Amino acid sequence: MTTRAEFIARIRAEMGKTRGLPPAAPARRPERPRAAAEAIRRELAERWPEALERFRRELEQVGGVFYRVPTLAEAAPVVAGIARDRGARRLVGWHAAEIGGDLVPALAALGLEAVSMPPGEVASAAERRRLRELVAAAELGLTGADLAIAETGTLVLRTGPGRPRSTSLLPSYHIALFDRTALVESLAQAGVVLESWHADGQSRRDGAVISFITGPSRTADIELTLTRGVHGPKEVHAIFVEAPAGG
């Protein structure tokens, strides 16, 4: 049996292997967040391919899987392939308006039991409960992404009508669709965009939660054994769509 002194000594030894925290300082809030965010977008119009390649590398480093398709329609076979390889059939997704198009018919034709969330607020408690049960029973959750941060391979998702947080948290396999309009190069740039979302004191969406997703869910709480999928999806798949929605 490990004694308390041995346990503390082990923690000190493990902490001694690190170089400590890097120096950090709070970022300065831009005076005009929306203008600053637009400047970032203009700069990325020229160098988004480099940002995308870095996002791919960082995503794969944290255990995510990256795909690239020319159009949204061509994402459906990719999603179906992910499901087939994992023996999954049930998929729940954000409303079509929140991912740029309706993939449900194509996914159903490829053998999936696919449903999407309703577009607005759900007033009925019974209907909210039904939708929660539907999401909890699904093996795959299909969402969009509001930001894709190249520096860390992180997906940023906002909640709101038609895009519940549970879609990215409860299913075992999270699949996120995004295009180059979601790309930013760094956490600093992501912070500017977040400021622009709330520049007038109100979010552009009604949701109360912004999720930062960096690879699959991981925990090492028990015996320091790394386990995936305990507190969220055990796999994260990001599909880059070359043609932006509506473009």
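Normalised by the number of residues in segment 1-111, the mean separation of alpha-carbon contacts (under 8 Å, six or more apart) gives a relative contact order of 17 percent. The mean sequence distance of close C-alpha pairs (under 8 Å, at least 6 residues apart), as a share of the length of the chain, puts its relative contact order at 25 percent.
Our note on the geometry: Cα centres of segment 14-53 and segment 99-145, 33 Å apart. Within segment 32-241, antiparallel bridges make up roughly 30 percent of the DSSP beta bridges whose residues both belong there.
Evaluated at q = 0.13 Å⁻¹, the base-10 log of the normalised Debye intensity for segment 32-241, with identical point scatterers placed on the Cα atoms, takes the values -0.73. Relative to the current alpha-carbon distance between GLU151 and GLU113, full extension at 0.36 nm per residue lengthens the span by 10.1 nm. As a rough guide to protection, the peptides 181-191, 47-57, 4-14 ranked by mean Cβ packing within 10 Å, highest first, stand as 181-191, 47-57, 4-14. Treating each Cα of segment 1-136 as one equal point scatterer and applying the Debye formula with no solvent, the log10 of I(q)/I(0) at q = 0.10, 0.11, 0.15 Å⁻¹ comes out as -0.71, -0.82, -1.02.
Read-outs throughout are calculated quantities, based only on the coordinates presented, and are distinct from any laboratory measurement. Here the structure is a predicted model, which means the values were calculated and not measured. Cβ atoms come from the backbone with ideal geometry, glycine included; neighbour counts cover every protein chain shown.
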